[in-house]
1. Figure the gain on full extension for PHE39 and VAL72 (residue separation times 0.36 nm, minus the Cα-Cα span) and round it to one decimal in nm.
2. Between ARG98 and THR21, how many nm apart are label points set 7 Å from Cα along the C-beta direction?
Amino acid sequence: MGLIFYLSSRSSVGPDLPEFTRWIAHFCLYAMLAALWFFALAPALGGRRAIAAAAAISFLYAISDEIHQGHVPGRDSDPLDVLVDCFGIAFALWTLSRPSARRAASRRPPTSP
């Protein structure tokens, strides 16, 4: 989330690239975000509840990221970006909801505080 916030804070992310490269970046970043939240929450919540929580957290962060971008000089907020983020979130969580992924997540030992 810190990396996404940092990239969103920049008035220019990089050279002028075709639009689809920005969509690929959004898709991949939010797929990774959702997967990380799933793996963090699965030991405590179980499979389905962890998927729902990871989806909700990632989706709400996608919305807040676009609102944040709207306040950065040189950037604008684009609802299409949130849609692409949602596709990345859905893809990651669909992949992780497969039975083999659920078994792998449930075998992870709980972390100690």
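A short reminder: the numbers here are calculations on the coordinates, not readings from a lab. Quick caveat, the model's predicted, so the values are computed rather than measured. Note that we place each Cβ from the backbone using ideal geometry, even for glycine, and neighbour counts take in every protein chain shown.
1. Between PHE39 and VAL72, full extension yields an extra 8.7 nm.
2. Label at ARG98, label at THR21, 3.0 nm between them.
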